[in-house]
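Written below as structure tokens is the structure these notes are about.
The values are calculated or read from the model by the stated rules, or taken from the named source; none is laboratory data. A quick note: this is a predicted structure, and the numbers were derived from the prediction, not measured. Positions of Cβ are generated from backbone atoms using ideal geometry, with glycine treated the same way; all protein chains shown enter the neighbour counts.
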Amino acid sequence: MVSRVIPVDSFDLVIFGGTGDLARRKILPGLFHRFCAGQMPDTSCIIGAARADMDDVAYRTLIGEALDEFAPESRAMPDDVAGFLDRLSYVRVDATGDAGWSHLAKKVRKDVVQAFYFSVGPSLFGPLAERLHAHAIATSQSRIVIEKPFGRDLQSARALNATLAEHFTEEQIYRIDHYLGKETVQNLMAVRFGNVLFEPLWNAQYIDHVQITVAETVGVAGRGAYYDKSGAMRDMVQNHLMQLLCLIAMEPPSFFEPNAVRDEKLKVIRALDPVAADQVVRGQYKATRNTPSYLEAAENPDSLTESYIALKVHISNWRWKGTPFYLRTGKRLKSRVSEIVVHFKETPHSIFGDEARSAANALVIRLQPDEGIELSVTIKEPGPGGMRLVNVPLDMTFAEALGPDGENVPDAYERLIMDVIRGNQTLFMRGDEVEAAWAWTDPIIEMWTTAGKKPIQYDSGSTGPEEAMILLHRDGRRWREIET
Ligand code: BG6
């Protein structure tokens, strides 16, 4: 299969926080891959902007080292690396002062696509937006890219939206949720809306329940200060898991077009029921002989922040009334797995008798690892001996089904950055969507904060607290095993 790479228009991309962790780990390696794929026109420029005092040469060295570490395949591609680094330059700017801005103004061209990536803390969004205008750098066509976390509650998200709206229109603002850039997440829409098979069954009449799991093996060491103020609910559920839930639950948009898709997602968020205390399980991981506990990693022995959360969620609309969505995410779990499982109902009647029944159909959408989609179907067990039924998977692992191209799926960031340059907001969150997500999340967080409830301790390397298993057991269901 030949992949089609469509070059984007020539651009100037300014990365504020250009020396930071995200820039080195994700943004620049992603751009390097797009450069190698031939997607970046020769006249495009990437400008790192940060507080550090360095020149273009030092910046190229820094990013060369980042490629070596985070895009190790680049080691065997010295010409590509040199060609890519040639596109880079650096400007020292003071986000809250005047230094560097006139220099930046001279560098950024007005006759190409202009994008400004705010890879900095939210407190700098306002000052950066203000200075881009005060120094006449941004135009009415410029795009700004904003990283999560977008606020920490409804009030702060509203304030951020208002600050950005003073200088940019909604069409210019690209709020990143990198889960929307993952290949399988988009495939989820292709499967739902590109086939006639699923949509007629995609409702409470045929779907028993849905499970969304994002399990990680990493802990929070190294970013404990940020994480401890956030927790799994703010860090993962309010954004990534809710976006996945929206894509599963939304009505078919009329077009695959930014506002059509985002309108439908917003309706789902607004239809979410409040969550009661007995529909939530929160946990904190314990230490092992070699790894610190959450409390040690967060350097806060009294922390009440959760590194694990499981929730049972209901959507009050015609399509989903009565079908629960179970969400769970956590750190230091048994395996790194992100997947969505759509559990269909059993057949209304078994013509083979009750003892011949096998499990109901399930559609598993695997985001990572081994991206792919698997549908379990019931067939007859081969051989004589009567009608015995078994469940077998119809498996479409992308790497197998699509050949080498399936293995080389672009990373979420590189896809999303190219969408910014193309001016396509479909996979970015709109301001009202983010606010609606906080409006649902805030009372849940408040519930346990007011109660001063302690998270349950769970073993590192496990599947999470036992209570999360009980959350499903009491409904006569169980989580799909977390396994790679
Ligand atoms: C980030 C969270 O948004 O997503 C991290 O802040 C988390 O805590 C990460 O580890 C997970 O992303 P991925 O792509 O590795 O599943």
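So that you can scan it fast, the table gives a plain yes or no per residue for (1) farther than 27 Å from residue 323 by Cα; (2) away from the ligand (no atom under 16 Å from the Cβ); (3) of a type in the set (Ser, Thr, Tyr); (4) modelled with pLDDT of 95 or more:
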| residue | (1), (2), (3), (4) |
| --- | --- |
| 228 | yes, no, no, yes |
| 235 | no, no, no, yes |
| 241 | no, no, no, yes |
| 249 | no, yes, no, yes |
| 255 | no, yes, no, no |
| 261 | no, yes, no, yes |
| 265 | no, yes, no, yes |
_Suppose we keep only residues that are more than 12 Å from the ligand (Cβ to nearest atom) and surrounded by 24 or more Cβ atoms within 10 Å (Cβ to Cβ) within region 328-340. Which one would you say is farthest from residue 364 (Cα to Cα)?_
328
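Does residue 402 meet the test of being modelled with pLDDT under 85 and out of contact with any helix residue (DSSP H, G or I) (no Cβ under 6 Å at 6 or more places or on another chain)?
So residue 402 fits the description; yes.
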_Selection count where residues are within 16 Å of the ligand (Cβ to nearest atom), within 17 Å of residue 13 (Cβ to Cβ) and among the aliphatic types (A, V, I, L, M), scope region 156-181_ = 1
*residue 66 being surrounded by 13 or more Cβ atoms within 10 Å (Cβ to Cβ), modelled with pLDDT of 95 or more and in contact with a Pro (Cβ under 8 Å, 6 or more places away or on another chain)*: yes
*Restricting the search to region 285-325, which residues are under 17 Å from residue 275 (Cα atoms), among the hydroxyl-bearing types (Ser, Thr, Tyr) and in a loop (DSSP other than H, G, I, E, B)?*
316, 323
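Here is a yes/no grid of residues against (1) closer than 18 Å to residue 413 by Cβ; (2) at pLDDT below 95:
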residue: 74; (1), (2): yes, yes
residue: 94; (1), (2): no, no
residue: 100; (1), (2): no, no
residue: 105; (1), (2): no, no
residue: 111; (1), (2): no, yes
residue: 121; (1), (2): no, yes
*Test residue 109 against the criterion of being touching a strand residue (DSSP E or B) at 6+ places or on another chain (Cβ under 7 Å) and either assigned to a helix (DSSP H, G or I) or exposed (fewer than 15 other Cβ atoms within 10 Å of the Cβ) (or both), and give yes or no.*
yes
*Does residue 213 satisfy the condition of being surrounded by fewer than 22 Cβ atoms within 10 Å (Cβ to Cβ), among the polar types (S, T, N, Q) and within 16 Å of the ligand (Cβ to nearest atom)?*
no
*Residue pairs meeting the criteria (Cβ under 9 Å; at least 6 apart or on separate chains; first within 19 Å of residue 20 (Cα to Cα) and in a loop (DSSP other than H, G, I, E, B), in region 78-104; second among the acidic types (Asp, Glu) and at pLDDT below 95)*: 87/42
_Residue that is surrounded by the fewest Cβ atoms within 10 Å (Cβ to Cβ) [pool: residues in region 341-384 that are touching a Phe, Trp or Tyr at 6+ places or on another chain (Cβ under 6 Å) and small (Gly, Ala, Ser)]_ = 360
_Against the conditions (1) away from the ligand (no atom under 12 Å from the Cβ); (2) over 29 Å from residue 362 (Cβ atoms), where does residue 245 fall short? Just the number, please._
(2)
*asked:* Looking at residue 346 and the list (1) of a type in the set (Asp, Glu); (2) farther than 28 Å from residue 409 by Cα; (3) assigned to a strand (DSSP E or B), which single condition is not satisfied?
replied: (3)
